[in-house]
Ligand SMILES: Cc1cc2nc3c(=O)[nH]c(=O)nc-3n(C[C@H](O)[C@H](O)[C@H](O)COP(=O)(O)OP(=O)(O)OC[C@H]3O[C@@H](n4cnc5c(N)ncnc54)[C@H](O)[C@@H]3O)c2cc1C
Ligand code: FES
Ligand code: FES
């Protein structure tokens with residue numbers, strides 16, 4: 001099939017790529033754009049490891065064609081760090097041991113990021129609901145919830161977005 | 001898993017999309033949220049040669065009350081239903097349903113139109129729309145036609161949509177005063193399809209008796225199932241505990257589930273009964289408010 005040229009903005013940078021229509025967005029991100037922080041877990045739309053933000057909303061990048069993102073704005077886990085400073089969520093996951101193997105973490109961070117944007121002061125239930133599309137095989141979720149609470153608190157104090 | 005190759009088309013208007021459907025016939029498929037189609041393509045359960053991406057068609061995504069109906073554009077996302085003030089305040093059955101479909105990321109993409117057009121009885125909107133007495137607006141080469149929901153689901157993965165038709169709108173009659181609804185679903189985990197689920201929409205009369213009832217079952221057969229006997233039984237009766245229990249029994253008798261990893265058939269029938277009981281009770285309570 002003929003390739004198509006698409007344009008996306010990823011973590012603030014404009015990029016162009018020539019893609020086959022069947023190329024999945026996650027492969028564009030990892031292979032063509034070199035942002036390997038986004039993981040492929042199940043590849044069957046279930047685990048959320050591939051979660052990224054497209055135009056301000058979380059999506060599973062294994063369940064979208066790259067051509068669908070044409071003209072759109074992507075944010076991946078690499079986009080969380082600002083001016084060399086970790087995002088409070090990243091700090092939270094470190095401080096509260098929100099990860100063990102780390103495979104689910106990029107997706108967890110993106111879902112938590114979207115949650116805190118919508119709801120800066122979430123209850124435990126809100127957090128569990130917000131990350132309900134992300135599976136973790138290691139932590140039992142307890143410390144992930146604490147990590148998000150850590151970030152929410154820190155952001156409320158520091159006014160970070 | 002890389003899906004099979006296809007040619008990608010991106011119409012800007014409904015007529016353009018219909019024309020593409022006509023031109024490519026059975027080889028073409030509409031791409032809406034992609035949350036059912038893309039997984040099926042990865043598994044080679046679908047191999048369209050042409051994908052017609054309707055996501056860039058303007059004006060297909062809305063939720064508004066107009067002309068006696070709640071009108072939902074075919075491309076409206078589940079997340080938009082969840083966030084809708086009208087849905088939250090007046091359509092509790094719809095809100096209950098949107099909230100238990102898949103997970104947040106899937107709901108950001110998945111569309112109400114796609115959920116119905118897919119024709120999967122395991123999906124949650126089909127039974128809900130049946131309980132609500134919805135109508136489906138299909139737009140094709142001959143213009144628009146309205147399909148009553150009871151005629152929409154033909155069999156597993158097959159709907160009344162013609163090959164060149166796009167589901168453009170869902171119409172739900174605006175419920176009269178003293179109406180309420182509820183959706184009760186048992187799922188093994190967030191994002192799973194229903195082991196069993198029951199949708200109920202009721203209107204009470206001035207005396208507190210049931211004036212009208214819509215009850216339908218999810219994942220209990222090859223199409224969503226309307227529990228007509230239970231609806232008829234409830235009509236005209238005061239919904240006390242014994243009446244609700246009897247209606248729930250009748251609703252579960254309409255179920256014809258098959259055994260799968262979610263459980264044996266008899267278990268699912270029992271579950272349908274319990275979920276029907278809860279959904280009716282909640283609908284009654286909400287209608288009384
Ligand atoms: C992890 C996961 C969990 C899920 N859990 C649930 C759940 O619990 N409950 C539930 O109900 N669903 C669930 N789903 C399914 C999800 O809701 C799908 O999005 C939905 O079934 C299809 O909607 P879509 O917009 O994604 O359609 P698509 O996948 O784009 O299309 C599905 C089919 O419908 C056709 N189609 C789509 N839109 C139209 C239209 N406007 N006109 C004509 N034909 C059209 C397509 O050609 C295709 O054949 C889940 C999906 C995933 C990935
Ligand atoms: S890799 Fe996309 S959901 Fe698991
Ligand atoms: S930390 Fe290992 S899967 Fe979550």
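The values are calculated or read from the model by the stated rules, or taken from the named source; none is laboratory data. Computed from a prediction, not measured in an experiment: that's the story for all the values here. Heads up, the Cβs are rebuilt from the backbone with ideal geometry, glycines too, and the neighbour counts pull from every protein chain shown.
Among the candidates B:202, B:217, B:186, the residue that is within 20 Å of the chain's Cα centre (by Cα), closer than 30 Å to residue B:110 by Cα, surrounded by fewer than 20 Cβ atoms within 10 Å (Cβ to Cβ) and not assigned by TED's automatic domain parsing to the domain that holds residue B:95 is uniquely B:186.
When the strands (runs of 3 or more DSSP E) confined to the range B:46-128 are screened for residues that are in contact (Cβ under 8 Å) with a residue 60 or more places away in the chain, those reaching at least 1 such residues are found at B:63-66, B:69-73.
Please go through (1) touching a helix residue (DSSP H, G or I) at 6+ places or on another chain (Cβ under 6 Å); (2) within 8 Å of chain B (Cβ to nearest Cβ); (3) surrounded by fewer than 16 Cβ atoms within 10 Å (Cβ to Cβ) for residue A:43 and return the number of the only condition it doesn't satisfy. Looking at each condition in turn, residue A:43 falls short on (3). Evaluating residue B:138 against the criteria (1) assigned to a strand (DSSP E or B); (2) closer than 27 Å to residue A:44 by Cα leaves one unmet condition, (2). With respect to the conditions (1) within 16 Å of ligand 3 (Cβ to nearest atom); (2) in contact (Cβ under 8 Å) with a residue 40 or more places away in the chain, residue A:114 lacks only one, and its number is (1).
Is at least one residue of the range A:49-69 farther than 20 Å from residue A:8 by Cα, at pLDDT 95 or above and surrounded by 20 or more Cβ atoms within 10 Å (Cβ to Cβ)? Yes, there is a match, as at least one residue in the range A:49-69 is farther than 20 Å from residue A:8 by Cα, at pLDDT 95 or above and surrounded by 20 or more Cβ atoms within 10 Å (Cβ to Cβ). Annotation for the range A:88-103: no member residue is more than 13 Å from residue A:155 (Cα to Cα) and within 16 Å of ligand 1 (Cβ to nearest atom).
Pairs linking a residue in the range B:21-42 that is within 16 Å of ligand 2 (Cβ to nearest atom) to a residue that is in a loop (DSSP other than H, G, I, E, B) and at pLDDT below 95, with Cβ atoms under 6 Å and 6 or more positions apart or on different chains, are B:42/B:1. Checked against the criterion of being touching a strand residue (DSSP E or B) at 6+ places or on another chain (Cβ under 7 Å) and under 30 Å from residue A:3 (Cβ atoms), the candidates A:79, A:71 yield just one match: A:71. Could you tell me whether any residue of the range A:102-117 is touching a helix residue (DSSP H, G or I) at 6+ places or on another chain (Cβ under 8 Å) and more than 19 Å from residue B:104 (Cα to Cα)? No, the conditions are met nowhere in the range A:102-117. Checked against (1) surrounded by fewer than 16 Cβ atoms within 10 Å (Cβ to Cβ); (2) within 16 Å of ligand 2 (Cβ to nearest atom), residue A:83 meets all criteria but (2). Criterion applied to B:63, B:38 was being within 13 Å of ligand 1 (Cβ to nearest atom) and in contact with a helix residue (DSSP H, G or I) (Cβ under 8 Å, 6 or more places away or on another chain), and the one residue passing it is B:38. Restricting attention to the range A:100-123, the residues that are away from ligand 2 (no atom under 12 Å from the Cβ) and more than 19 Å from residue B:108 (Cβ to Cβ) add up to 7.
For the range A:14-34, the criterion of being out of contact with any strand residue (DSSP E or B) (no Cβ under 9 Å at 6 or more places or on another chain), part of a loop (DSSP other than H, G, I, E, B) and more than 13 Å from chain B (Cβ to nearest Cβ) is satisfied by at least one residue.
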